[in-house]
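Colleague: Dumping the structure here so I can ask a few things about it.
The values are calculated or read from the model by the stated rules, or taken from the named source; none is laboratory data. These figures come from a predicted structure and were not determined experimentally. Please note: Cβ atoms are built from the backbone with ideal geometry, for glycine as well, and neighbour counts cover all protein chains shown. For accessibility, only protein heavy atoms count, side chains too; no ligands or nucleic acids. Shrake-Rupley method; radii C 1.70, N 1.55, O 1.52, S 1.80 Å.
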Amino acid sequence: MPTPVAQEEDLTRYCGGAHFDADTGEVNGSAFDRNPKDIDGVSVTRCRFFSDVIEDDQNEIRRVVGSRLKFGKTAIFVELNTGDLLDALAEFEQEISVIQDPLPAQAGALPNPAHALIIGFPFRGEAIGSLKSELAGDRLRRIILRRFPAIINK
Amino acid sequence: MTKQIGSAFVVDEDQGRGAEKEYPSLDSLLFFEAKWHGDNPTDLLTAIHAGQVAYLAPKRLDVSTLLTERQLQDHGLHLAGGDGAHRWLIPVDLQESEQPGPRREQHWFADLRRRVEELGSIAQDEALEFNEASADQALNFAMKVQGCSRPSAFLIGNGNVRLLWTHPSGQQIGLQFLGDDEIQFILVARRDEKLATTMGADRADAVLRYIAAAGLSRLLAH
């Protein structure tokens, strides 16, 4: 039985340059579409798992997530609350859950004990970019709490 | 008086109000007039755009504007009846935009084009789909809608480009360009302190009418 992520917890999702317009600062809901690396569900990382100190937590998220994918130069991480996410998608009347899914170290990738999955979204049988998928993405876009750059420019 | 393209200058002589006002768009002008005459502005706009009624300036609304008839047509509007059309006075500096050839680019258009090119590069780097027809359609749309502000641009997983205009109030215009003049739209407009969503897919000219009917034309130029 998978362990659900508490509704009070915040989650962070990598958002590449395709879904973040750095000139306007706007994020698109397509950041929450499943990509080829999201095999079992939409991949997210639990915030404040590694540290209560935000900066330390974000640095560890960069390190751990960055060991599995190459960050784009304008990419960011977006944060949203688990309970907000479930509320925002409730109107679609689909079964959606957020479960803990710690990843072990493998093939050069660091372990990610904070990894979690959004199960049931994007909606089964809905094509990427369909009206329903896009509307759901817009609902999620509006509940983004915070964001931070994937790459720190020194 | 110098005015930007897309603004209008209105004097209603019959009403004796003589107010001179500038409007950011033709839709806002029509909205103003509908309110003036006591109709429901949204219903009237919808009816005008649907071709159910003709815009006749029924109480002799004298209008001088920098909008040409071609630009009116771009909004899906046609002036009809009497000498209504002749009341649209075209100041000299508009003649430039009436010259044959490409439309005058908005000042931010190069930025948007660069962003769309960047999306193409991202697609190449990350082995994502990129629909060139969608990208061209998005750029053409943004160029066509004179007076609009720079939208955000994104590449979604099916390879299509999406343009997005947002407002801190939660209102939005989201347009996914499907190719073949088809646009998937999600409009979020504030009505009676609530946010109402209108969505669907249609041709570009029809989508502009939906935007106007939702009262979101101003968001394009926000």
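Colleague: Kindly indicate which of B:R218, B:R115, B:R190 is part of a helix (DSSP H, G or I), more than 30 Å from A:K70 (Cβ to Cβ) and in contact (Cβ under 8 Å) with a residue 12 or more places away in the chain. First the steps, then the outcome.
Modeller: Working: B:R115 fails: more than 30 Å from A:K70 (Cβ to Cβ); B:R190 fails: part of a helix (DSSP H, G or I).
After ruling out the rest, the residue left standing is B:R218.
Colleague: So, one more: Need the failing condition index for A:L145 against (1) more than 30 Å from B:Q172 (Cα to Cα); (2) open to solvent by 40 Å² or more (accessible area, probe 1.4 Å), just the number.
Modeller: The one condition A:L145 does not meet is (1).
Colleague: Within the bounds of segment A:35-48, is there any residue that is touching a Gly at 6+ places or on another chain (Cβ under 9 Å), at pLDDT below 95 and under 16 Å from A:L80 (Cβ atoms)?
Modeller: Within segment A:35-48, the subset touching a Gly at 6+ places or on another chain (Cβ under 9 Å) is A:35, A:41.
If we keep only those that are at pLDDT below 95 as well, we get A:35, A:41.
Filter again for under 16 Å from A:L80 (Cβ atoms), leaving A:41.
Yes - at least one qualifying residue is present in segment A:35-48.
Colleague: Now for a separate question. Given the options A:G25, A:G16, A:G29, name the one that is in contact with a Ser or Thr (Cβ under 9 Å, 6 or more places away or on another chain) and surrounded by fewer than 18 Cβ atoms within 10 Å (Cβ to Cβ). Lay out the reasoning, then the answer.
Modeller: Numbers: A:G16 fails: surrounded by fewer than 18 Cβ atoms within 10 Å (Cβ to Cβ); A:G29 fails: surrounded by fewer than 18 Cβ atoms within 10 Å (Cβ to Cβ).
Result of the check over A:G25, A:G16, A:G29: A:G25.
Colleague: Do the conditions hold for B:G147, that is, is it at pLDDT 95 or above, out of contact with any Pro (no Cβ under 6 Å at 6 or more places or on another chain) and not polar (S, T, N, Q)? Spell out how you get there, then give the answer.
Modeller: On the way: at pLDDT 95 or above: no; out of contact with any Pro (no Cβ under 6 Å at 6 or more places or on another chain): yes; not polar (S, T, N, Q): yes.
No: the conditions fail for B:G147.
Colleague: Restricting to segment A:104-146, give me the number of residues that are away from chain B (no Cβ under 14 Å) and of a type in the set (K, R).
Modeller: Step one: list which residues in segment A:104-146 are away from chain B (no Cβ under 14 Å), which gives A:104-120, A:124-125, A:145-146.
Those left that are additionally of a type in the set (K, R): A:124, A:146.
So the answer is 2.
Colleague: Identify the residue in segment B:125-150 that is within 8 Å of another protein chain (Cβ to nearest Cβ) and touching a Leu at 6+ places or on another chain (Cβ under 9 Å) and, among all such residues, is nearest to A:G129 (Cα to Cα).
Modeller: B:L128
Colleague: While we're here: Considering only residues that are more than 12 Å from the chain's Cα centre (by Cα) and either over 13 Å from A:S30 (Cβ atoms) or modelled with pLDDT under 90 (or both), which ones fall in segment A:120-130? Break it down stepwise before answering.
Modeller: Filtering segment A:120-130 down to residues more than 12 Å from the chain's Cα centre (by Cα) leaves A:120, A:122-130.
Correct list: A:G120, A:P122, A:F123, A:R124, A:G125, A:E126, A:A127, A:I128.
Colleague: Do we have any residue at all in segment A:77-94 that's within 14 Å of chain B (Cβ to nearest Cβ) and open to solvent by 60 Å² or more (accessible area, probe 1.4 Å)?
Modeller: From segment A:77-94, those within 14 Å of chain B (Cβ to nearest Cβ) are A:78, A:88, A:91-92; that's our starting set.
In the following step, the residues that additionally are open to solvent by 60 Å² or more (accessible area, probe 1.4 Å) were identified as A:91.
There is at least one residue in segment A:77-94 that is within 14 Å of chain B (Cβ to nearest Cβ) and open to solvent by 60 Å² or more (accessible area, probe 1.4 Å).
Colleague: Any idea how many residues of segment A:95-134 are of a type in the set (V, I, T) and open to solvent by 10 Å² or more (accessible area, probe 1.4 Å)?
Modeller: Taking segment A:95-134 first, the residues of a type in the set (V, I, T) are A:96, A:98-99, A:118-119, A:128.
After this cut, where a residue has to be open to solvent by 10 Å² or more (accessible area, probe 1.4 Å) as well, the list is A:96, A:99, A:119, A:128.
Selection size over segment A:95-134: 4.
Colleague: Being open to solvent by 80 Å² or more (accessible area, probe 1.4 Å), acidic (D, E) and either within 11 Å of chain A (Cβ to nearest Cβ) or farther than 14 Å from A:A18 by Cα (or both) is the filter here, so list the residues in segment B:102-122 that pass it.
Modeller: B:E105
Colleague: Further question: Exactly one condition in (1) more than 9 Å from every other protein chain (Cβ to nearest Cβ); (2) surrounded by fewer than 20 Cβ atoms within 10 Å (Cβ to Cβ) is false for B:V207; which is it?
Modeller: (2)
Colleague: Which members of segment A:20-62 meet the condition of being more than 10 Å from chain B (Cβ to nearest Cβ), under 16 Å from A:I119 (Cα atoms) and not in a strand (DSSP E or B)?
Modeller: Initial filter on segment A:20-62 (more than 10 Å from chain B (Cβ to nearest Cβ)): A:32, A:37-62.
Among the residues that remain, those that are also under 16 Å from A:I119 (Cα atoms) are: A:32, A:37-46.
Within segment A:20-62, A:F32, A:K37, A:D38, A:I39, A:D40, A:G41 meet the criteria.
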